[in-house]
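**Q** Provided herewith is a single structure, encoded as structure tokens, for subsequent inquiry.
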Amino acid sequence: MSLAESIAPHLPPLRRFARLLAGSQHAGDASVARVLQAIVADPSLFPDLSPRLGLYQCFLSSLTRRGSDADPEPGPAGDTATRSLAALTPEARQAFLLVTVEDFSRREAAEIMQVSERRIDHLLEAAGTEISGQIATDVLIIEDEPLIAMDLKQILQSLGHRVTSIARTHVDALKAVGLKTPGLVIADIRLADGSSGLDAVNEILASFSVPVVFVTAYPENLTTGSRPEPTFLITKPFREEAVKAIVSQVLFFDQRAKPRPGAQSASSPA
């Protein structure tokens, strides 16, 4: 297989990465085109890595040589993400996007950026702290199990968010929204009185749009492919790192949910 054939499948995600770094489709695509032209002109530039890792390493190396990692402009990431990215140093921005968006491991990100894993950890910690300050918001937790609700509250507060209410039922959730409009909703699926967290969220979304993360012990009941599905799911039992990652992702990209037709009824297990 030729080099061109081996890297071709990885070009669409590289364009996404480039657009997020640059903040615009035009600037991102232009930077990808430049690195491809350089590789074609001199294949020896391609490092002795897997095609995916090598392509990203070539791309970031080309940015460093050109000094073209300027602050992102408003573009495909959305205003919230653009503001958060602009607050980061170029290195922290690259590390954050490699791990959280492109789904590289820390070790892989270190290879791509040609730094140590310790450096990646430092960059990610700095990025997380800065972004949390940028996107801190009021959170409504819809959860009927007190211990789980308190765990979620502690995790969210550690990110700088404010938990304004914990609702145990559908009715409690609607009352809480009436008192304080949240900037994020985290909702269990089945609630204390047998009501549905999905139904509660749908009613909330009928009044205003808001990012939503669902919590469930039975994700297979929601990811069947047979109906509209939640984009963001936390599976019970959850890990603190997973909750932090998902919450930061949904707020970073300002993923506002919309009412879901055919929401799962309260009688369905979830």
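The values are calculated or read from the model by the stated rules, or taken from the named source; none is laboratory data. It should be emphasised that the depicted structure is a prediction, and the values quoted were computed from it without experimental measurement. Here the Cβ positions follow ideal geometry from the backbone for every residue, glycine too, while neighbour counts run over all protein chains shown.
**Q** With the requirement that a residue be assigned to a loop (DSSP other than H, G, I, E, B) and either at pLDDT below 70 or within 16 Å of the chain's Cα centre (by Cα) (or both), what does the range 215-228 give you?
**A** Leu222, Thr223, Thr224, Gly225, Ser226, Arg227, Pro228
**Q** Could you check the range 151-193 and list, in sequence order, the residues that are part of a helix (DSSP H, G or I), at pLDDT below 95 and of a type in the set (Val, Ile, Thr)?
**A** Matches in the range 151-193: Ile155, Val171.
**Q** Restricting to the range 32-68, name every residue that is of a type in the set (Ser, Thr, Tyr) and surrounded by fewer than 20 Cβ atoms within 10 Å (Cβ to Cβ).
**A** Our first condition is that a residue be of a type in the set (Ser, Thr, Tyr); within the range 32-68, this holds for 44, 50, 56, 61-62, 64, 68.
Of everything in the range 32-68, those that are of a type in the set (Ser, Thr, Tyr) and surrounded by fewer than 20 Cβ atoms within 10 Å (Cβ to Cβ) turn out to be Ser44, Ser50, Ser61, Ser62, Thr64, Ser68.
**Q** Provide a single number: the residues in the range 135-156 that are within 18 Å of the chain's Cα centre (by Cα) and more than 17 Å from Val210 (Cα to Cα).
**A** 2
**Q** Give the range 177-192 a look and list any residue that's touching a residue at least 24 places away in the same chain (Cβ under 8 Å) and either surrounded by fewer than 20 Cβ atoms within 10 Å (Cβ to Cβ) or among the β-branched types (Val, Ile, Thr) (or both), or say none. It would help to see each step written out before you state the result.
**A** The initial filter retains those residues of the range 177-192 that are touching a residue at least 24 places away in the same chain (Cβ under 8 Å), namely 177, 180-192.
Those that are touching a residue at least 24 places away in the same chain (Cβ under 8 Å) and either surrounded by fewer than 20 Cβ atoms within 10 Å (Cβ to Cβ) or among the β-branched types (Val, Ile, Thr) (or both): Val177, Lys180, Thr181, Gly183, Val185, Ile186, Ile189, Ala192.
**Q** While we're here: Could you check the range 193-221 and list, in sequence order, the residues that are surrounded by fewer than 21 Cβ atoms within 10 Å (Cβ to Cβ) and within 17 Å of Leu152 (Cα to Cα)?
**A** Once the filter is applied, which keeps residues that are surrounded by fewer than 21 Cβ atoms within 10 Å (Cβ to Cβ) and within 17 Å of Leu152 (Cα to Cα), the range 193-221 yields only Ala217.
**Q** Considering only the range 32-78, how many residues are closer than 17 Å to Leu98 by Cα, of a type in the set (A, V, I, L, M) and modelled with pLDDT of 90 or more?
**A** Of the residues in that region, 5 qualify.
**Q** Same structure, new question: Just need a number here: residues in the range 229-270 that are closer than 30 Å to Leu21 by Cα, touching a strand residue (DSSP E or B) at 6+ places or on another chain (Cβ under 7 Å) and modelled with pLDDT of 55 or more.
**A** Qualifying residue count, the range 229-270: 11.
**Q** Restricted to the range 18-31, and to residues that are buried (at least 20 other Cβ atoms within 10 Å of the Cβ) and either among the hydrophobic types (A, V, I, L, M, F, W, C) or under 16 Å from Leu98 (Cβ atoms) (or both), which residue is nearest to the chain's Cα centre (by Cα)?
**A** First, pick out the residues of the range 18-31 that are buried (at least 20 other Cβ atoms within 10 Å of the Cβ): 18-23, 28, 31.
Next cut, either among the hydrophobic types (A, V, I, L, M, F, W, C) or under 16 Å from Leu98 (Cβ atoms) (or both) only: 18-22, 28, 31.
On the way: Ala18: 16, Arg19: 16, Leu20: 13, Leu21: 15, Ala22: 18, Gly28: 20, Ser31: 24 Å.
So, considering only residues that are buried (at least 20 other Cβ atoms within 10 Å of the Cβ) and either among the hydrophobic types (A, V, I, L, M, F, W, C) or under 16 Å from Leu98 (Cβ atoms) (or both), the one nearest to the chain's Cα centre (by Cα) is Leu20.
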